[in-house]
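What follows is one structure encoded as structure tokens, with my remarks underneath.
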Amino acid sequence: MLIEIKDMYKTYSMGDTKVNALDGVSLSIDYGEFVAIMGHSGSGKSTMLNILGALDQPTSGSYKLDGREVSTMSKNELARFRNRKLGFVFQNFNLLPRTTAIENVELPSFYGGVKISSEARRKRAIELLEMVGLGKRLYHTPAQLSGGQQQRVAIARALMNDPPVILADEPTGNLDSKATVEIVTFLQELNAKGITIIMVTHEPDVAAYAKRQIVMKDGKVDQIIVNSK
Amino acid sequence: MNILMIFRVALRAIWRNKVRSLLTALGIIVGIAAVIAVIAIGNGASEQMKSSINSMGNNLVMIFPGSMRSGGMHMGAGASNTLTAEDGEQLAQDYPELVAAQTPMIRANAQVIYGENNWSTQVSGVGTGFPAVRGWNIGNGTFFTEEDVHAGKRVVILGQTVVDNLFPGIDPIGKTMRVKNMSFKVIGVMEKKGSNSMGQDQDDILIMPYTTVRRTLQNSVFNNVNQILVSLHDMGDLEEAKTEFTAMLRQRHRLKDGKEDDFNIRDMTEITEMVTSISSTITVLLGAVASISLIVGGIGIMNIMLVSVTERTKEIGLRMAIGARPIDILMQFLLEAMTLACVGGLLGTILGVVGAKMVGNIQNWPILITESSIAVSFAFSAFVGIFFGFYPAYRASNLNPIDCLRYE
């Protein structure tokens, strides 16, 4: 198993009352899966993604990725872990403003302590941008790119350090329907190349592209739907 | 992320907000410029005072006549008339290892005339040791000789100011001029010396053998002098010299044990120390005021860095999400603050040096810019950057990545 989550709780205190954003979740995701996490707001799906993304730590429970326990890592270990194992795609793209596409894509390779020559880095960034179909827009800044194009730069950035997992948080939330199809299809293609994709969305049509849908409700896994196609 | 990369990121962040960065750095620029200019002017003033003190003579020891007690009456300093030119000659003869040169001096004021022009000046009657003692060379013509002194010849050597007033456009050498209605032959002109530390024009002087002053101008039967100037080989021998001179002069003046000295031996160290301490106090004081402006500049940097951190919360979140450790974020903002401060320091140094030179030119003040003052203020600006940049950088590095990513 790539990801194993056991009996996970995440508790927030609001004054006297305690709210369980995650209420004893257990789930596992295998290598090469394309999973969509669904649910209404407040269902715990964002908390789930934050913990999966090693951006947040659970109150209790275990999270293993690639056999390594993540829930007990220090801040620095988490940073390394995110850098090597995970690629992030956000709803609002989160590209550095006034910075060229190529420099945005290169960014992850500056962290993580892996030595790489600047030529090799640039070469890899160009390859990735060509792969996402932006070979002619290497030096455009985010302001000069459409939403769909920005999201493709973000995907190229997520792939820079060749992570086994890509986490996408509402990747189509800010896109029109044409770009939405484009991006989700692209994620499907990446999945076909063997990259595990975990995507949070509330749009059923988008979730339909995944191989499996995990529906969350009140901090628990409510339903698991395996898509037939 | 290596330092070079972080540095590039920092430079770019600064460059992106050019006007803001410049205004922020202005605090440091002004602070550093003020420190450098103030220290340059202070050092220059102190050097000038020292050199003008030195211009009074080389390793100078002055012997003045002391007070005299006549019966029950105590006369003031200088009343004693026992100090003679022979005292000085004896000192030079007996202590060649201490004394480099010596000269007696008798002062008088006189009205001097040449042709249509007249001028009131100070007459200094001295010995042949005068140029060596004062470190003041003859510019034109010759100085008088021992024979001239013995004979009490009517020869004079002029200071430049006297030349300017009495002989405008004329070469004075060989001319005959009148001092107190007696004719004197001009045999030389001293080099221009300028003002001394008290602002007195040292070139306003007429020099002649002390014997001539005494016999011709003063018509005196006494052979006492106003002072003896002794130039030592080495200022390190000062204390020894004072002791030896005192012993010898007491012996020569036949002073019994228990009787007080009828002369005073003075040197320049007290004056030098006083002047140095005053000027260094002023420099430190002004430097402290200038340093306060540096601190204010540092607070400006801290302020703008806090704004920058808030403004770039999303960027911080993203960098953390893709693998930046807290230390990476800390270094990024710290280096940005430091670069801002150092660029400010560099511009401030240039402005300070140029400013000091300009003030020096306009006010005609001497300026002394030392490498150490530049190095110290530059290091100080880097320190200000680190000190005031640390808190904003620390705050940035301690942010929670989720909160940053959600920050609007």
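Stokes-Einstein diffusion of segment B:60-265 at 25 °C, 0.890 mPa s viscosity, Kirkwood radius from Cα pairs, rounded to a whole number: 136 µm²/s. Using the alpha carbons alone, the radius of gyration of chain B stands to its Kirkwood radius in an Rg to Rh ratio of 1.26. By the Cα gyration tensor, segment B:212-253 has an equivalent ellipsoid whose semi-axes, rounded to whole angstrom, run 29, 14, 5 from largest to smallest. With the cut-off at 1.5 for a/c, could you classify segment A:132-200 from its C-alpha gyration tensor as rounded, prolate or oblate? The shape class here is oblate.
Projecting the alpha carbon convex hull of segment A:71-192 along each direction and taking the average yields 7.8 nm². Under 1.5 on a/c is rounded, so check that first for chain A, then, if it is not, pick prolate when a/b is larger than b/c and oblate when it is not; a ≥ b ≥ c are the square roots of the alpha carbon gyration tensor eigenvalues. It comes out prolate by the Cα gyration axes. Our helix-only sum for chain A, with -39,500 (n - 2.57) per DSSP H run of n ≥ 4 divided by its residues, gives a mean residue ellipticity at 222 nm of -9500 deg cm²/dmol. Spatially close Lys pairs in segment A:6-131, defined by Cα atoms under 22 Å apart and a spacing of eight or more places or different chains, total 19. What is the distance in Å between the Cα centroid of segment A:10-53 and that of segment A:150-177? Taking the Cα centre of segment A:150-177 as reference, the centre of segment A:10-53 is 20 Å away.
Think of the protein assembly as shown as having a plus end and a minus end, set by charges on the Cβ of Lys, Arg, Asp and Glu; of A:138, B:17, B:141, A:138 sits farthest toward the positive end of this dipole. About the Cα centre of the protein assembly as shown, what is the dipole size in debye to 20, counting +1 per Lys and Arg Cβ and -1 per Asp and Glu Cβ, all else neutral? So the dipole magnitude of the protein assembly as shown works out to roughly 1740 debye.
Of all complete DSSP H helices in chain B, those with a Cα span along the helix axis of 27 Å or greater and a mean Kyte-Doolittle hydropathy of 1.0 or more are B:18-54, B:269-311, B:326-363. Loop-located GluC sites (Glu not before Pro) in segment B:196-298 (DSSP state not H, G, I, E or B) with no more than 13 neighbouring Cβ atoms inside 10 Å: B:260. Mean projected area of the Cα convex hull of the protein assembly as shown, taken over all directions, amounts to 47.7 nm².
Could you let me know the centre-to-centre spacing of segment B:357-407 and segment A:57-100, using Cα atoms, in angstrom? When both Cα centres are located, 36 Å separates them. The residue among B:320, B:276, B:298 whose Cα reaches farthest toward the positive pole of the charge dipole of segment B:267-327, with charges on the beta-carbon of Lys, Arg, Asp and Glu, is B:320.
Relative to the current alpha-carbon distance between residue B:18 and residue B:306, full extension at 0.36 nm per residue lengthens the span by 102.0 nm. By the equivalent-ellipsoid construction on the alpha carbon gyration tensor, segment B:268-406 comes out with semi-axes of 43, 14, 11 Å, ordered largest to smallest. Can you show me the helix-derived [θ] at 222 nm for chain B, built from DSSP H runs with n ≥ 4 at -39,500 (n - 2.57) apiece and divided by the number of residues, rounded to the nearest 500. That calculation yields -18000 deg cm²/dmol at 222 nm.
Annotation for residue A:227 and residue B:372: the two label points, set 7 Å from Cα along the Cα-Cβ direction, are 7.5 nm apart. For segment B:256-326, the extents of the C-alpha atoms along the principal axes are 97, 22, 16 Å, listed from largest to smallest. Computed over the alpha carbons of segment B:341-408, Rg followed by Dmax gives 19.5, 63 Å. Can you bin segment A:1-110 into rounded, prolate or oblate? Criterion: square roots of the alpha carbon gyration tensor eigenvalues sorted a ≥ b ≥ c, rounded for a/c under 1.5, prolate for a/b above b/c, oblate for the rest. Because a/c hits 1.5 or more and a/b exceeds b/c, segment A:1-110 counts as prolate.
Using only alpha carbon pairs under 8 Å that are at least six residues apart, calculate the relative contact order of chain A and give it in whole percent. 29 percent. Shielding of peptide B:323-332 by partners, expressed as the average count of other chain Cβ atoms within 10 Å per residue Cβ, is 5. Model label sites at residue A:19 and residue B:365, defined 7 Å from Cα along the beta-carbon direction, differ in position by 6.6 nm.
Near residue B:234: Cβ cut-off under 12 Å, other residues only, Lys/Arg at +1 and Asp/Glu at -1. The net charge is -4.
Remark: mean inter-chain Cβ contacts per residue of B:384-394 equal 0, using a 10 Å Cβ-Cβ cutoff to other protein chain atoms. Among B:355, B:159, B:323, the largest mean-square fluctuation in a Gaussian network model of chain B (Cα springs under 10 Å) belongs to B:323.
Every number here is computed from the coordinates shown, using simple stated rules; none is lab data. Since the model is a prediction, treat every value here as computed from it, not as a measurement. Neighbour counts are summed over all protein chains in view; Cβ atoms, including those assigned to glycine, are modelled from backbone coordinates with ideal geometry.
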